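Novice: Let me begin by handing over the structure; questions about it come next.
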Ligand code: UDP
């Protein structure tokens, strides 16, 4: 221990949701590719998914299993992932249950003594647990540098309290650009200013950010330099932009034999012309009501564009299918459109040359995947920090246009009409504006590729982080 060559051990503790776990798997693979040991702390439910993604990794990524004590908060024992908490009430309980994981984390740290803990933003208490063992705790938010700055400035200055209605606009203070918002686009616990479980978790998260060792960002410096600098130099939080995390894994052997590639949609895309298909998917959680799905279906058909549309419907029984599709829809769109019910190989789809546009909920992973594929976006934020990411895409990077979503909502209600959806789809797929956005997006994709190469910004940031952790380790021997 404590010598320059001793192998550093990084423990990674993601929140129990796909959007949080996926980038952490890539982060773990990245650490092991640099000769470090990595262990992902996760549930028995998510372990097989992670196993599948790491099984062919050249060096092993370890998994340590924990159990979310859901019974203690009145949830079923098997409700071990956020997507299984299907109502806002269940979600609150689920967050509460994850707050009870401290003893299990402590036991892991006690037994395994890693040199650093990378824990999710939703585990603010992990900072104190790590400090008991004298190890640095890094936070992983899984979002953009832009939205980290915006969230922190909203927390520090509360500009929404200065407007008198939910639709009156205000600017987020102390940001590099003039970013305009309305209260409607804010999470309910910020908008109403009422203290509840979510607002407490949010406050604790922001305070933990100040006390932690720093923040790891799945983004790259060249995408948002003003915000990367602002976060550290003005807002005072140390951060390492080390993404896009999955790119260096992309070309790896394991992905070449992935079953994703055999998905029928890839063969379907192979038969299409470049930039002729729009991809529509709203992440791993979003679950639109039938009336909204119907509006999407109408828009896709009337836009005349070819499409792949991923629909995550629960209770997907046969009788209900017609409720969200216009009469005879599937017959009419045969050959022109593909509906994927369930999980789609998104990275593969987005990077296929036939895909020319993406209708997205602006989850950060999806956003970054589109950036790296050089694909313009029609932005349709729903909840979480997605309304901030929309601003980054449409206003700062100018690689997308909004469909006109106006209200943050935990449950995706019917809010956008087919005309507006059709208009946005057309704007990102055809014409001069689409071409300009596509060119800009391609420019960012190229920058992303360079950032992760030897000598690139993300590569250098990761080196700097590893060196720092090594000196921390030596200093604490
Ligand atoms: N994803 C996928 N197939 C799907 C839906 C989602 O591969 O059918 C992946 C997507 O590529 C991304 C992640 O799941 O990596 C979703 O993360 P994001 O931050 O975009 O949204 P969230 O699910 O957290 O709302």
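Novice: Failed condition for residue 56, given (1) out of contact with any strand residue (DSSP E or B) (no Cβ under 6 Å at 6 or more places or on another chain); (2) closer than 20 Å to residue 384 by Cβ; (3) more than 16 Å from the ligand (Cβ to nearest atom), with all others met?
Specialist: Going through the list (1) out of contact with any strand residue (DSSP E or B) (no Cβ under 6 Å at 6 or more places or on another chain); (2) closer than 20 Å to residue 384 by Cβ; (3) more than 16 Å from the ligand (Cβ to nearest atom), residue 56 breaks only (2).
Novice: Output the number of the condition that residue 378 fails; it satisfies all remaining conditions of (1) away from the ligand (no atom under 16 Å from the Cβ); (2) closer than 18 Å to residue 438 by Cβ.
Specialist: So residue 378 meets the others, but not (1).
Novice: Please indicate, with yes or no, whether at least one residue in the stretch 234-247 is surrounded by 20 or more Cβ atoms within 10 Å (Cβ to Cβ), at pLDDT below 95 and within 16 Å of the ligand (Cβ to nearest atom).
Specialist: yes
Novice: Within the stretch 105-223, which strands (runs of 3 or more DSSP E) (wholly inside it) include 3 or more residues that are touching a residue at least 12 places away in the same chain (Cβ under 8 Å) and under 27 Å from residue 407 (Cβ atoms)?
Specialist: Here the list reads 169-171.
Novice: Quick check on my filter: what residues within the stretch 1-31 are away from the ligand (no atom under 16 Å from the Cβ) and modelled with pLDDT under 95?
Specialist: 1, 2, 3, 4, 5, 6, 7
Novice: I've got another one for you. If residue 345 passes every condition in (1) within 16 Å of the ligand (Cβ to nearest atom); (2) within 21 Å of residue 222 (Cβ to Cβ); (3) in contact with a helix residue (DSSP H, G or I) (Cβ under 7 Å, 6 or more places away or on another chain) but one, which one does it miss?
Specialist: (2)
Novice: Moving on. Restricting to the stretch 135-176, name every residue that is in contact with a strand residue (DSSP E or B) (Cβ under 7 Å, 6 or more places away or on another chain), modelled with pLDDT under 95 and within 30 Å of residue 114 (Cβ to Cβ).
Specialist: 141, the sole residue that qualifies.
Novice: Separate question: Pull out all pairs, ordered by first then second residue, where Cβ-Cβ is under 6 Å, the residues are six or more apart or on different chains, the first lies in the stretch 93-104 and is in the same structural domain as residue 15 (by TED's automatic domain parsing), and the second is assigned to a helix (DSSP H, G or I) and surrounded by fewer than 19 Cβ atoms within 10 Å (Cβ to Cβ).
Specialist: Sorted first by the residue in the stretch 93-104, then by its partner, the pairs are 93/73; 96/73; 97/73.
Novice: Suppose we keep only residues that are more than 16 Å from the ligand (Cβ to nearest atom) and modelled with pLDDT of 95 or more within the stretch 301-324. Which one would you say is surrounded by the fewest Cβ atoms within 10 Å (Cβ to Cβ)? Reasoning before the result, please.
Specialist: Of the stretch 301-324, the ones more than 16 Å from the ligand (Cβ to nearest atom) are 301-306, 315, 317-324.
Now drop any that are not modelled with pLDDT of 95 or more, which leaves 301-306.
Numbers: 301: 19, 302: 14, 303: 19, 304: 12, 305: 22, 306: 22.
Looking at residues that are more than 16 Å from the ligand (Cβ to nearest atom) and modelled with pLDDT of 95 or more, I get 304.
Novice: State all residues of the stretch 399-435 that are under 16 Å from residue 280 (Cβ atoms), part of a loop (DSSP other than H, G, I, E, B) and touching a strand residue (DSSP E or B) at 6+ places or on another chain (Cβ under 7 Å); if no residue qualifies, say none.
Specialist: Within the stretch 399-435, just 403 meets the criteria.
The values are calculated or read from the model by the stated rules, or taken from the named source; none is laboratory data. The structure presented is a predicted model; accordingly, all values stated were derived computationally and were not measured. Note: ideal-geometry Cβ built from the backbone for every residue, glycine included; neighbour counts use all protein chains shown.
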